[in-house]
Structures are given as structure tokens and as C-alpha cells.
Amino acid sequence: MNITTTAGTLAEQQADALLLGVSTDNQLDDAGNQLDQALDGQLGSALASVGFSGKRGEVCTLPSFGRIPAARIVVTGLGEPSSVTVDIIRSAWGEAARAARKAGARTIASAAPSSAFGSAAIRAAVEGIELGLYRHTAYRSDASDQTDVESVSFIGVDDTEAIAAGQKLARGVSMARNLVNAPGMDLYPERLAGRAWEMADELGMECTVYDRAALEEMGAGAIVAVGRGSQREPRLIHLVYRPEGESLGVAGLVGKAITFDTGGVNLKPADGMRNMKMDMAGGAAVIGAMGAIAEMKPPYTVHGVIAAAENMPSHSAYRPGDVLRTLSGKTVEITNTDAEGRLVLADALTFTARQGAEFMIDLATLTGASVVAVGNGAASLFGTDEGLVQDVLQAAEFGGERMWHMPLWDAYRADLNSDIADIVNSGNRDGGAIKAALFLREFSHDIPWVHLDIAGPAWSTREEGYRIKCGTGYGTHTLVTLLEQRAGRH
Ligand code: BES
Ligand code: MN
Ligand code: ZN
């Protein structure tokens with residue numbers, strides 16, 4: 001999409017739709033007042049007559065009856081003026097852009113979002129528009145009835161850098177969404193590696209892919225075991241971004257990418273399997289983030305490590321009772337083949353630690369228990385380093401990604417004791433998200449580490465603001481923002 005800046009007033013813009021934010025006090029801002037005047041005061045009364053109250057999520061499309069060049073005006077609610085946040089702006093512009101598209105608009109002229117947040121507001125509005133308009137049409141036989149917004153111009157804004165940053169971030173999130181939405185039949189580990197490799201090639205990043213033979217030789221016995229039941233062999237994908245100038249540190253971003261999770265021999269019931277093509281969302285978030293990082297160029301060396309496998313039941317699948325040797329050397333007794341995510345992550349974390357990562361963040365659709373604990377709209381966050389935990393929470397707030405800090409209680413570790421090996425992969429059901437995190441901690445190699453269980457927010461069944469149905473791209477925004485904030489850019 002072409003997003004630009006323009007001088008002049010909203011009223012004189014030659015566009016299919018004008019976009020304007022209004023809060024619950026129903027006070028129009030300067031741009032709104034100018035538009036109202038051009039319409040002889042009809043904007044304010046029209047909003048009142050359709051009962052528009054400026055609440056969050058509310059959006060209203062009004063015709064302009066030929067009084068101005070633009071055919072329609074889309075007004076988007078911002079809620080209480082005193083509680084507007086950057087994420088509310090992101091959401092409001094996402095909702096508005098979708099309303100404009102629904103009305104058939106191909107070109108949009110938008111008022112500047114609230115000036116209180118400076119360039120962060122512009123960037124958020126751009127992200128909201130790009131992500132709100134996201135559509136996955138690759139599998140539709142006919143999309144000719146759908147119009148697309150081709151251009152947006154912001155009035156009275158000259159911050160082209162903020163616009164570019166918003167577009168880069170949105171590209172990363174959209175990449176993650178595309179990967180999550182791709183069916184398991186098409187996006188198996190080799191293909192996921194191919195997509196990562198293509199992206200790296202395009203953006204000038206290093207990319208190394210380890211296939212099953214290479215993983216066996218390396219000693220990554222956990223990834224190999226999980227992938228053994230499938231004809232589609234596992235892959236470990238290693239992306240590296242190196243800054244041109246000074247590097248302030250080495251980050252490790254690690255993602256679970258089970259391209260389809262049947263549960264393995266411990267087969268999932270139908271309902272639990274329905275959406276399991278999304279079980280690679282952690283890996284997708286890392287790939288999306290690496291893409292945005294390569295474009296936004298933060299001063300960090302970043303290793304993106306994605307453990308990809310398909311968890312299938314077959315004559316060659318791993319079984320309950322099997323003992324495998326992880327890359328770290330620790331042995332794991334399998335108690336449930338459906339607890340496969342923590343296994344592939346164990347090897348990926350060890351691999352990342354060996355790259356010299358100074359801190360590691362992993363993302364994984366790891367447990368149904370996380371969804372039970374914090375609901376669909378939030379991730380469970382665990383961490384061994386309070387500073388890193390706080391940094392991730394702060395980055396998440398800026399990006400509007402809800403997460404909740406959970407405990408790593410040592411007392412629960414006993415539930416993972418094995419009679420035969422160093423640890424079992426699955427304990428009791430109770431406290432499941434915590435026990436999964438405790439398992440992963442064993443493979444964090446004393447490096448500051450944060451684990452995000454994104455089983456809930458990686459997938460959505462609702463459309464709201466810039467958050468659309470199906471794959472959400474959750475996590476990408478937080479990862480990129482974290483590196484930016486650490487570098488002191490905000
Ligand atoms: N991929 C699932 C977790 C999941 C559940 C993701 C719902 C998204 C939505 C994971 O591999 C899994 O099967 N976890 C088990 C762990 C159990 C066997 C200890 C679970 O949550 O039931
Ligand atoms: Mn599973
Ligand atoms: Zn899984």
C-alpha cells in the first residue's frame with residue numbers, strides 16, 4: 001500500500017474516503033472542525049443523529065452528499081479522551097480502514113492521529129491500517145468482488161520515518177499471519193524453511209537450514225524424535241541479523257514451529273486438532289520479527305532460531321516411554337507425545353545459547369493450560385531475569401499485546417522427575433503452563449530467558465480493530481519493539 005503525507009485540509013482532499021478520529025467528548029479536533037465548517041456544521045449534527053458516541057470500537061460511515069470532493073467520511077471512536085493510548089489509535093485506524101474498504105474506497109485521506117503521542121501515533125495508525133486491511137486470499141478461487149485500498153495520505157503530517165517504520169513492522173506481522181494461515185498440507189517444515197530462506201535472501205540476512213541428517217549428526221535428538229512420525233522431515237532454521245555499525249548485544253529469538261500437531265501417538269480429539277496448523281505460530285512470529293528487524297536495523301546482533309517439525313502418529317513415530325537425548329546432553333523420558341513443543345524448543349534453546357546469545361526469548365503455542373489460565377486474549381510470560389521480564393512487558397504494552405507474568409515455582413519441578421531419565425516431558429495437567437515453562441528452564445543454560453506461551457492469542461475467532469480472524473501474528477510486534485526500546489529509541 002502506498003502511504004504518503006499531504007498538505008492542505010481534509011475537506012479539499014480528492015479521495016474515496018476521509019478518516020477522522022473522535023473521542024467520547026464528541027469534540028472535533030482542528031481537522032474535524034475544518035471539515036465540519038466545509039460541511040456547514042453538518043458533520044457534528046450527522047454524528048449526533050446516527051447516535052455516534054465516540055466509544056472505542058465504534059465506527060460510522062457518513063455520505064458527504066457532494067459537498068466536498070470525497071464521497072464519504074469514516075469517523076472512528078477513540079473512547080475517553082484522557083485514556084487514549086497508542087494501541088487504541090492502532091485499533092481505531094484499523095477499524096476505520098476496514099469500514100472504508102467495505103464502502104468500496106480505494107483511496108483514503110486521513111486526519112493526523114492524536115498529537116499527544118508524536119510519531120508513535122502516526123506509526124500506530126499506519127500499523128492499524130495495514131494490519132486491519134490484512135486479508136489472506138491465496139486459497140480463494142475468486143476474489144474479484146473484493147476491492148483493495150491502494151493509497152492512504154495523512155493530512156498535516158510530515159513524519160515519513162514513522163510511516164516507513166509502521167509499514168516495516170506491519171510487513172513483519174503480515175508475514176507471520178500468512179505463515180500461520182497456510183494449511184499444514186502446504187506449509188511443512190521444509191517449506192517453512194524455504195520461506196524463511198527466501199525472506200533472508202531478499203533482506204540480506206544469513207540463513208542456515210539443518211535437515212534431519214544434519215540434526216542427527218548435531219545431536220538434536222529431541223527435534224529428530226518429534227519429527228520422526230512424519231514423512232515431512234524436521235528442520236532447524238537459523239537466521240542471523242548483524243547490524244552494520246556497533247552491536248549493543250546478542251539476542252536470541254526462538255520459536256516453536258510444529259507445522260501440524262496431531263498429538264502424535266497420544267492423538268488429539270477432533271476439536272483439539274481442528275486448528276493445529278497454527279502450532280507453528282511461535283516460529284512464524286520469530287520469522288516475521290526477523291524480517292522487520294532486517295528492515296528496521298536495530299543495533300543488536302539477532303539470532304532467530306525456529307524448530308520445525310510435524311507431529312504425526314505412524315509406525316515410525318516416537319512413543320510414550322521412549323527416552324531421547326537432547327542437544328544439551330540431558331535425557332528426556334516421553335510421557336505424552338502431545339507435549340512435543342517443549343521438546344523441539346529444548347534443542348532450539350541449547351542451539352541458540354551456543355550461538356552466544358546474551359538473552360533469549362522463546363515463543364510457543366505450548367499449552368492449552370495457558371489458555372485456561374489467562375484466556376484467549378493474552379500470553380503467559382515466564383522468565384528467569386527480572387530486567388528482561390520488565391522490558392518484554394513494556395514492549396508488549398506499546399504493541400498492544402497482552403501478557404501476564406506467571407511464576408516459575410521450584411516446588412512444581414518434582415512433578416517432572418523421571419524414574420529412568422533426567423526429566424519427563426509432561427507431568428500432571430494441573431499448572432500445565434507453569435510445568436511446561438519449568439521444563440524449558442532446564443534448557444536455558446543460565447542465560448537471561450523469557451518464555452511466552454502464546455497458545456491463546458496466536459489465533460483469533462473475532463475481528464476487532466487491527467486484530468483479524470485466524471492467525472494474528474502475535475509476538476512479532478513485541479520482539480521488534482523490545483530491541484528498539486533496549487536501544488533507547490523510544
Ligand atoms: N500445541 C499444543 C498446545 C495448544 C493447545 C496450542 C491449544 C494452541 C491451542 C501442545 O503441543 C499440546 O498439545 N499441549 C498439551 C500438553 C500436555 C500433553 C501436557 C496440552 O496443552 O494439552
Ligand atoms: Mn501437542
Ligand atoms: Zn503443539
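Some points to look at:
- Cβ crowding within 10 Å ranks Lys330, Lys297 as Lys297, Lys330, fewest other Cβ atoms first.
- Square roots of 5 times each gyration tensor eigenvalue, C-alpha, the stretch 91-212, largest first, Å: 31, 20, 10
- Residue by residue, the stretch 152-162 carries 3J(HN,Hα) couplings of 9, 10, 8, 8, x, 10, 10, 8, 5, 5, 5 Hz when phi is fed to the Karplus relation 6.51 cos²θ - 1.76 cosθ + 1.60 (θ = phi - 60°); x denotes Gly or Pro.
- Taking θ as phi - 60° and the Karplus parameters 6.51, -1.76 and 1.60, the scalar couplings of the stretch 225-232 work out to 5, 5, x, 5, x, 10, 5, 7 Hz in sequence order, x denoting glycine and proline.
- When the Cα gyration tensor is reduced to axis lengths a ≥ b ≥ c, the ratio a/c is 1.5 or higher for the chain, and with a/b above b/c it is classed as prolate.
- For the chain, a simple Cβ point-charge model (Lys and Arg +1, Asp and Glu -1, everything else neutral) yields a dipole of about 900 debye relative to the Cα centre.
- The dipole here belongs to the stretch 2-133: it is taken about the Cα centre, uses +1 on the Cβ of Lys and Arg and -1 on the Cβ of Asp and Glu, and is about 420 debye.
- Mean-position separation - Cα centroids, the stretch 1-64 and the stretch 293-314, in angstrom: 42
- For the stretch 151-230 versus the stretch 415-472, the gap between their alpha-carbon centres in whole angstrom: 21
- Using the average count of surrounding beta-carbon atoms within 10 Å as a protection proxy, the listed peptides 403-411, 421-429, 175-183, 121-129 rank, highest first, as 121-129, 175-183, 421-429, 403-411.
- Prolate/oblate/rounded label for the stretch 2-133 (Cα gyration tensor, a/c 1.5): rounded
- 21 Å Cα-Cα threshold exceeded, pairs from Lys256/Lys277; Lys297/Lys469; Lys256/Lys330: Lys297/Lys469
- In terms of the mean number of neighbouring beta-carbon atoms within 10 Å, the peptides 249-255, 466-472, 56-62, 413-419 order highest first as 249-255, 466-472, 56-62, 413-419.
- Cross-link partners of Lys102 among aspartates and glutamates (Cα-Cα below 16 Å; sequence separation of 8 or more within a chain): Asp16, Glu58, Glu130, Asp145, Asp148, Glu150, Glu463, Glu464
- Normalising the average separation of contacting C-alpha pairs (under 8 angstrom, six or more residues apart) by the number of residues puts the relative contact order of the chain at 15 percent.
- Rounded to 5, percent antiparallel among DSSP beta bridges of the chain: 40
- Computed over the stretch 326-462: relative contact order in percent, which uses C-alpha pairs under 8 Å that are six or more apart: 43
- Cα gyration tensor, the stretch 84-156 - rounded (a/c under 1.5), prolate or oblate: prolate
- Only helical runs count toward this figure. For the chain, summing -39,500 (n - 2.57) over DSSP H runs of n ≥ 4 and dividing by all residues gives -11000 deg cm²/dmol at 222 nm.
- Amide H within-cut-off set for Ala112, under 5 Å, with H built and near neighbours excluded: Ile155
Read-outs throughout are calculated quantities, based only on the coordinates presented, and are distinct from any laboratory measurement. Bear in mind that the values here come from a model prediction, so they are computed numbers and not experimental data. Reconstructed Cβ throughout: ideal geometry from the backbone, glycine too, with neighbour counts over all protein chains shown.
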